[in-house]
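> Pasting a structure here, questions to come.
Where a number appears in this text, it was derived from the coordinates with a stated rule and is not lab data. Model, not experiment: these values are computed from the prediction. Cβ placement follows ideal geometry from the backbone for every residue including glycine, while neighbour counts extend to all protein chains displayed.
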Amino acid sequence: MKLAVIGTGYVGLVSGVCFSDLGNEVVCVDKMSNKIEMLNRGEVPIYEPGLKELIKKNKDVGRLHFTTDLLGAVQQADIVFIAVGTPSLPDGQADLSYIEQAAEEIGKSLNGFKIIVTKSTVPVGTNEKIQEKIAMQSLFPFEIASVPEFLREGTAVQDTLLPDRIIIGTSSEMARKRLIELHKPLTDNIVVTDVRSAEMIKYASNAFLATKISFINEIANICEKVGADVDQVAFGMGQDKRIGSSFLKAGIGYGGSCFPKDTQALIQIAGQMDYDFKLLKSVVEVNRDQRFNVIKKLESILNHLQGKTIAVWGLAFKPETDDVRDAPAIEIISSLLERGAKVKAYDPIATDNFTRHFNMDGVEYCDKAHEAASDADALCILTEWKEFKDISPAIIESWLKRPNLIDGRNIYSEAELAGTELNYYSVGRPAMNKGVKERSPILLP
Ligand SMILES: NC(=O)c1ccc[n+]([C@@H]2O[C@H](COP(=O)([O-])OP(=O)(O)OC[C@H]3O[C@@H](n4cnc5c(N)ncnc54)[C@H](O)[C@@H]3O)[C@@H](O)[C@H]2O)c1
Ligand SMILES: O=c1ccn([C@@H]2O[C@H](COP(=O)(O)OP(=O)(O)O[C@H]3O[C@H](CO)[C@@H](O)[C@H](O)[C@H]3O)[C@@H](O)[C@H]2O)c(=O)[nH]1
């Protein structure tokens, strides 16, 4: 099939490349000419394992193209995917201006029957607005469908080629058939719904996963008070198939380009219908507070942070990505600076992105983990990069000026800490904490 994909962010680029790998003729479009120039030179604007190789393979056989020419791309396509951004507006609603603009441009470009598919995460009812917008621009026939995307950054290629399920929301028999045919090579688990339900499935899925994370983080906070170990608790809970073991990793809360914005957007969607989504509001509040536990623990160890040197390992919102959108590191570093600390930061790949987006005076960005930790009063681990796990706590202790380690992602085990004199604090594992004032768990009467 001939496909056009509008927007070459994570979703557009990865899905375009994967569709082309399945043998389809794909043209990926972006209005940012620098991105398209990079892609045409064989460079990849995002860090995503396996993507570069797949782009090269499919470009070399002439099945994959990159262009800024939306009209040309749409005109040669049978199916057009919209994969532009839907960032948050200041009040939390989804900003649909990129969607509206793309729909208008697609409408102006139609030259015959097409299926227009929205992959972007959009509020319920948006696909109907897209339909109206396109129809205002064109008399050519077209059908619409909502096929939300569920890939995770860092495993995007794998998630796209081996999805748990594909959701196809459409009322068109023709779109249903063509889209099932297109996705069939990926999975047999294709769920066909109406358009509004497909739009809601995406938000409900992200909100539910965010809820699991905030739930386990609150359990972790209680574990610290009652002397239980959240990792053991999560493992035990996860053995129940009804609960499942995924997304129960306690830490400093979720970040990234999706959970923070999509939870806020769903609260707004509900609010516009006069429904107060109390549970999800609490999920967001718990997540906001969780990252500041790092600051509280630092203050309990160091008393105050004025003039102290704090090393930070991890700027990306999670490992295997250079994405820093809504990363916990942003607020944690800002709070450290506000309290007068000197911050030395290191990330294996996200530093350039971080410095491009955030102007944080007073932060020294380091090229090596060792350089950041050297002579620091404390080290905070904010992202669980494998590179960090491979460095033993004993080595870290030898680099630091004072032996204080805040492990925001629970990357070290008790055995790895044995023999060190580190004041160690992780999340929800009080028996492993050493040197922190509230070290002894409060035993229940
Ligand atoms: N990032 C993820 O992991 C992920 C996963 C699932 C779903 N989503 C959803 O998918 C959508 C896209 O997310 P993303 O992270 O890939 O976005 P992004 O913001 O990284 O990229 C969007 C791209 O679209 C381009 N664009 C905008 N308007 C355009 C137009 N009219 N013509 C051509 N190009 C245009 C922009 O220049 C940009 O390069 C969002 O709705 C997001 O919520 C994202
Ligand atoms: O047990 C867990 C799992 C994740 N996280 C955090 O949650 C955030 C999001 O992680 P993850 O879901 O792996 O990354 P994303 O790439 O943001 O993917 C989510 O958001 C995408 C965009 O909508 C969806 O497509 C995916 O299905 C959904 O998992 C990160 O900060 C993680 O550190 C935890 O704290 N504990």
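> Indicate, rounded to the nearest 5 percent, the antiparallel portion of the DSSP beta bridges found entirely in the chain.
Roughly 5 percent of the DSSP beta bridges within the chain come out antiparallel.
> With θ set to phi - 60°, apply the Karplus curve 6.51 cos²θ - 1.76 cosθ + 1.60 along the range 139-147 and write out the HN-Hα couplings as whole Hz, x wherever there is a Gly or Pro.
9, 5, x, 7, 10, 10, 8, 10, 10
> Give me, ordered by chain and number, the residues 5 or more places off Arg429 or on other chains with an amide H under 5 Å from its own placed amide H.
Close amide H contacts, sequence-distant or interchain: Val230.
> Same structure again: What is the mean projected area of the alpha carbon convex hull for the range 1-79, to one decimal in square nanometres?
Over all viewing directions, the range 1-79 projects a mean Cα-hull area of 4.4 nm².
> For the range 277-419, what are Rg and Dmax over the alpha carbons, in angstrom?
14.8, 49
> What ratio of Cα Rg to 2.2 N^0.38 Å holds for the chain?
Its radius of gyration relative to the 2.2 N^0.38 Å reference: 1.06.
> Additional query: Residues with amide H under 5 Å of Asn423's amide H, sequence separation 5 or more or different chain, H placed in the peptide plane at 1.01 Å from N; which?
Placed amide hydrogens put Asn404, Leu405 under 5 Å from Asn423.
> Tell me, what ³J(HN,Hα) does each residue in the range 166-177 have, in order and in whole Hz, if you take phi through Karplus 6.51 cos²θ - 1.76 cosθ + 1.60 with θ = phi - 60° and put x for Gly and Pro?
Residue by residue, the range 166-177 yields 10, 9, 10, x, 7, 10, 9, 5, 5, 5, 4, 4 Hz.
> Starting from the 7 Å offset along Cα-to-Cβ, what nm value, one decimal, do you get for the label separation of Lys57 and Asn189?
2.3 nm
> A follow-up question, please. Step through the table entries Lys225/Lys401; Lys119/Lys212; Lys129/Lys177, compare each Cα-Cα distance with 26 Å, and write down the pairs that go over it.
Distance filter (> 26 Å) returns Lys225/Lys401.
> Per-residue counts of other Cβ atoms within 10 Å, averaged by peptide: what ranking do you get for 38-49, 221-232, highest first?
221-232, 38-49
> On to the next question. Going by average Cβ neighbours within 10 Å, how do the peptides 53-59, 360-366, 271-277, 198-204 rank, with the highest at the top?
Ranked by mean Cβ neighbours within 10 Å, highest first: 198-204, 53-59, 360-366, 271-277.
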